[in-house]
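The values are calculated or read from the model by the stated rules, or taken from the named source; none is laboratory data. Treat the numbers as computed from the prediction; the structure is a model and nothing was measured. Backbone-built Cβ (ideal geometry, glycine too); neighbour counts: all protein chains shown. Each accessible area value is taken on the protein alone, full model and side chains, heavy atoms only, with ligands, DNA and RNA left out. Shrake-Rupley method; radii C 1.70, N 1.55, O 1.52, S 1.80 Å.
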Amino acid sequence: MYSSKTSFFEVRFSWKGNWYINLHRPHTCASLIQYAIEQGWDFAQEKQTMKIEQGDFLIDELGLDERG
């Protein structure tokens, strides 16, 4: 999750999906934040929220997989 003022973006991964990614890598965080912005999340506006409940599809889409 990335937060600015009262705005935030939250993405949830399954346990299996989370096993294959490293959320502490700057590239991983940057890719997720960029994706949210491209989907319309405006972090500069107060009280802007975006949640993705099942984010496993982002592992392949954004190349977040640590196995490769």
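Test of understanding: among ILE59, ILE52, which residue is in contact with an Asp or Glu (Cβ under 6 Å, 6 or more places away or on another chain) and modelled with pLDDT of 90 or more?
ILE59
Which one of these does GLN48 not meet: (1) open to solvent by 90 Å² or more (accessible area, probe 1.4 Å); (2) under 13 Å from GLU10 (Cα atoms); (3) in contact with a Ser or Thr (Cβ under 8 Å, 6 or more places away or on another chain); (4) not aromatic (Phe, Trp, Tyr)? All conditions pass for GLN48, except number (1). If you go through the stretch 58-68 and keep only what is touching a helix residue (DSSP H, G or I) at 6+ places or on another chain (Cβ under 9 Å) and not in a loop (DSSP other than H, G, I, E, B), you end up with LEU58, ILE59, GLU61.
Determine, yes or no, whether PHE8 is farther than 15 Å from ASP65 by Cβ, open to solvent by less than 90 Å² (accessible area, probe 1.4 Å), within 12 Å of the chain's Cα centre (by Cα) and touching a residue at least 12 places away in the same chain (Cβ under 8 Å). When the stated conditions are applied, PHE8 passes them. Taking first residues from the stretch 43-60 that are at positive phi and partners that are part of a strand (DSSP E or B), the Cβ contacts under 9 Å between residues at least 6 apart in sequence or on separate chains come to LYS47/SER7.
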